[in-house]
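Report on the following structure.
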There are 2 protein chains.
Amino acid sequence: MRKDKIDVVLAIDIGGTFTKIGLVDRNGTILSSHVFKTEAKKPFTDFKILLEKEIRKLLSTKGIRHTILGIGIGAPNANYKTGAMENPPNFRWGKEVPLKDTVLQIIDKSIYITNDANASALGELYFGMAKGMKNFVVLTLGTGLGSGIINEKKLVVGEYGMAGELGHVNVYPNGRECNCGLKGCLETYASVTGIKRTVFRLLSDSKEDSILRNYSFDDLTGKEISEAALKGDNIALEAFQRTAKILGSKMADTVAHLEPEAFILTGGLSKAGELFSQPLIQSMEASLFNAYKGKIKVFISKTVSNDAILGPAALAWQELAMEN
Amino acid sequence: MRKDKIDVVLAIDIGGTFTKIGLVDRNGTILSSHVFKTEAKKPFTDFKILLEKEIRKLLSTKGIRHTILGIGIGAPNANYKTGAMENPPNFRWGKEVPLKDTVLQIIDKSIYITNDANASALGELYFGMAKGMKNFVVLTLGTGLGSGIINEKKLVVGEYGMAGELGHVNVYPNGRECNCGLKGCLETYASVTGIKRTVFRLLSDSKEDSILRNYSFDDLTGKEISEAALKGDNIALEAFQRTAKILGSKMADTVAHLEPEAFILTGGLSKAGELFSQPLIQSMEASLFNAYKGKIKVFISKTVSNDAILGPAALAWQELAMEN
């Protein structure tokens, strides 16, 4: 029998700014992919039309003969069980966005969905640096702090499909205001936005000279803070120290729950290198219960973060394998 | 074929004061059981001789014809993967107690081992109030705070067999000294010992009259604190409030990891009833991320805590089922 068609999944990664779609085979090879603007501030119906058009375009790409076995979607606040995006921040798509049903109307295949950080964890498990690992936690340190938990090679989804929101464990009972309405959530400290807030707190508390005094809150990005720190700017260095200390101690709490083999860090904040990872590991170790000391690895992600669609692709492949 | 032998497991629950052994069938019926003093302060070799004698006695019980399919053991700090008790507090048995190997020398069957709180979680899953649940967390609020995490009907054991030590998540970075060497661990606040420490802090800070001013630290037990609270003693009431507030907020962090359907509380502190559970639930709800609010149940254990050997029995039955 001539086998001239390749089995693939359609992977969709929806971000606040860009959406990426692609066809991915069982080994994580991206046969074809395409990026377009999400337009998260326009109505969801606009996105639906856009997505349908882009999917049609992708599927009509010449030269690849494929069979789509299923669809994997990663999106902010997406619920694994309901298939909806629930109150996604920075999107004007409503409180319950029926993402799964919408895609099903465009293309009628098995659809699997989860939030971006969970998808990222599966991407690391199947195609990234967690290949061969059984228990690990991915932390995405970007605008917010997302997390995906893998236990015994499976994504921990929880009772209602929303497990793994480590951005909202509490650091200080009356701490910084969080987008979610609570106070003192971890992501208000340990994320790109978090370290920026810490920089502004330090600029306010101390009299120390700093390059960072030239930036407005809205203009300052993680890049400037990293660059300042590398140049020896004391405010920037102290901001990294404080951020690492808080995140490290909370990672120790996560270990007390799950005893993972490793943490894998992705996102802007993780790119600062040893400046961040060294005090982070130090703080985690100092807070670890005896039984865990010296056992938990901390890695900076390499592969998957470069290709966001490998996450949703891995989700689809995992779910398809479990069904068969 | 005449089926006159009943399939059972030998269940062993080792506590700091008493050890209980018994034969338990697939439905959680205890066919025969026996309790003896652990003598944790004497050498482990003494315990070994004692255990062997007691097991022989149990197995020679007249009237029950049984086939032992396996052995389940619950013991403080027991490691699911290594089969050893690691640095058990209050035991003078050494740093690595080779419990599994020792029992294997007495009776050569498949042996499964885990710590007491994990065993308790499995007991609730198979024979207790968590029958039919898939995701829940058991908290044992006794001298310390133990925990057992069930995810998708399976015990979360972690990479090295020691997951689920929620007694050692951090409450205050420079908080109370813990037996484990860290400071500010949850069990120094949320346990019978923890609430006692809080009572003494309140007696020191306030000028309020209290029945509890008549007790020395070593004499005061959870019972007196509960009774004082029920009589309206303000120090005792405030101690329950503070304890509940701390535990509730940390339970919210656990939800952010695992999104369980429920928490099941056991042990001395849980027996205080609404006095404790009402402010506990209030505090947890106030700290929960939106997606979880109003969804997480809190129960006080009924069944299993009465019979500690149902935990290790459940462990043995689960492991035997997975192997076949």
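The values are calculated or read from the model by the stated rules, or taken from the named source; none is laboratory data. Source: prediction; values computed, not measured. Glycine also receives a Cβ, built like all others from the backbone with ideal geometry; neighbour counts cover every protein chain displayed.
Do we have any residue at all in the range B:279-289 that's modelled with pLDDT under 95 and aliphatic (A, V, I, L, M)? Checking the range B:279-289: not a single residue is modelled with pLDDT under 95 and aliphatic (A, V, I, L, M).
Taken over the range A:234-269, the criterion of being more than 12 Å from every other protein chain (Cβ to nearest Cβ) and surrounded by fewer than 22 Cβ atoms within 10 Å (Cβ to Cβ) is satisfied by A:ASN234, A:LEU237, A:GLU238, A:GLN241, A:ARG242, A:GLY268. Which members of the range A:233-288 meet the condition of being over 22 Å from the mean Cα position of the chain (by Cα), under 30 Å from B:ASN135 (Cα atoms) and assigned to a loop (DSSP other than H, G, I, E, B)? Scanning the range A:233-288 gives a single hit, A:LEU288. The single condition among (1) loosely packed, with under 14 Cβ neighbours inside 10 Å; (2) assigned to a loop (DSSP other than H, G, I, E, B); (3) in contact (Cβ under 8 Å) with a residue 24 or more places away in the chain that B:THR67 does not meet is (2). Name the single residue, out of those in the range A:179-188 being within 21 Å of A:GLY268 (Cβ to Cβ) and modelled with pLDDT of 95 or more, that is farthest from the other protein chains (Cβ to nearest Cβ). Ranking the qualifying residues of the range A:179-188, first place goes to A:THR188. When the range B:268-290 is filtered for residues that are within 18 Å of A:ASN77 (Cβ to Cβ) and either touching a residue at least 12 places away in the same chain (Cβ under 8 Å) or in contact with a His (Cβ under 6 Å, 6 or more places away or on another chain) (or both), the ones remaining, listed by number, are B:LEU288, B:PHE289. If you check A:LEU280, A:LEU203 for being aliphatic (A, V, I, L, M), touching a Lys or Arg at 6+ places or on another chain (Cβ under 9 Å), under 30 Å from B:LEU139 (Cα atoms) and away from chain B (no Cβ under 14 Å), only one passes: A:LEU280. Residues in the range B:129-169 that are more than 8 Å from chain A (Cβ to nearest Cβ), in contact with a Pro (Cβ under 9 Å, 6 or more places away or on another chain) and not in a loop (DSSP other than H, G, I, E, B): 4 in all.
Annotation: of all residues in the range B:33-47 being surrounded by 15 or more Cβ atoms within 10 Å (Cβ to Cβ) and over 21 Å from the mean Cα position of the chain (by Cα), the one that is nearest to B:LEU59 (Cα to Cα) is B:PHE47. Here is a check on your reading of the model: is A:PHE217 in contact (Cβ under 8 Å) with a residue 12 or more places away in the chain, among the aromatic types (Phe, Trp, Tyr), surrounded by fewer than 21 Cβ atoms within 10 Å (Cβ to Cβ) and more than 14 Å from chain B (Cβ to nearest Cβ)? Answer is yes for this residue. Screening A:PHE91 with (1) touching a residue at least 60 places away in the same chain (Cβ under 8 Å); (2) within 20 Å of A:VAL9 (Cβ to Cβ); (3) not β-branched (Val, Ile, Thr) gives one miss only, at (2). Inside the range A:171-191, residues that are among the hydrophobic types (A, V, I, L, M, F, W, C), within 26 Å of A:GLU224 (Cα to Cα) and surrounded by fewer than 24 Cβ atoms within 10 Å (Cβ to Cβ) make up a count of 2. Just checking, does the range B:207-224 include any residue being assigned by TED's automatic domain parsing to the domain that holds B:LEU288 and closer than 30 Å to B:ASN290 by Cα? No, every residue in the range B:207-224 fails to be assigned by TED's automatic domain parsing to the domain that holds B:LEU288 and closer than 30 Å to B:ASN290 by Cα.
When B:LYS302, B:LYS293 are checked against the criterion of being in contact (Cβ under 8 Å) with a residue 60 or more places away in the chain and of a type in the set (Lys, Arg), B:LYS302 stands alone in meeting it.
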